[in-house]
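For reference, the structure is listed below as structure tokens.
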């Protein structure tokens, strides 16, 4: 679901619940609007406020940690590609076709993963097809990596030096493939929608009580509006950070662009 639409829906629901509370305030019997009643309601709702703040904080911390970890894995992935290219270049002319495949893979991965950014120069597959809706696992990219892995395993070393390089290449390629799958898996959304819905229902009750127990004036209206806007923006940020490769807040493509620049420089 679109993050902006969800955050906007939360914003509207919070304002509506506050408006409902203000509306009901003038229609309650006097005994229901007494100071003792209002204080008791505020005391009970303060427990819900604390619980909601705790859940919001935990969700924000969790998605921010996952977002940073994904960025760290991507930097490690870029470093693995650079190291792989270094070993292929060191191996010599027999590995040049494999280096060309690696260059094609990196360029295609950048263009497919960050479609709104400038595309790399060169010829490479475009309009890639994903294995499943919402997945970043493209069929052509996986096939390219398997071709690179197969080409590395088919190298025929002629001496001890090249044998050592071939062994290093196989180990590095295995590590690169494993890290790619880690990136694919961690790019998936982790937010529990039932939890988000429950938390939203808590917020609706809190804002309804705010409207029910607050005086009617412009300061209160402005405060409720700003609070609803702030909380809905937090929900928006949580959803954005939970999808590190889509939306307005995305992980930088610099690690792979640096790797591509390194390949092109040699």
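The values are calculated or read from the model by the stated rules, or taken from the named source; none is laboratory data. Not measured: the values here are computed from a predicted model. Every residue, glycine as well, gets a Cβ built from its backbone with ideal geometry; the counts of neighbours run over all protein chains shown.
Restricting attention to segment 11-61, the residues that are modelled with pLDDT of 75 or more and out of contact with any helix residue (DSSP H, G or I) (no Cβ under 9 Å at 6 or more places or on another chain) add up to 10. Where helices (runs of 4 or more DSSP H) fall wholly inside segment 149-251, the ranges with 3 or more residues that are modelled with pLDDT under 90 and under 24 Å from residue 79 (Cβ atoms) are 160-186. The condition (being surrounded by 19 or more Cβ atoms within 10 Å (Cβ to Cβ), more than 21 Å from residue 240 (Cα to Cα) and modelled with pLDDT of 90 or more) is satisfied by just one residue among 124, 77: 77.
Condition check: assigned to a helix (DSSP H, G or I) and over 21 Å from the mean Cα position of the chain (by Cα). Does residue 45 satisfy that? Give the steps one after another, and end with the answer.
Values: assigned to a helix (DSSP H, G or I): yes; over 21 Å from the mean Cα position of the chain (by Cα): yes.
So residue 45 fits the description; yes.
Looking across segment 160-205 at every residue that is more than 29 Å from the chain's Cα centre (by Cα) and touching a residue at least 12 places away in the same chain (Cβ under 8 Å), the one that is farthest from residue 23 (Cα to Cα) is identified as 162.
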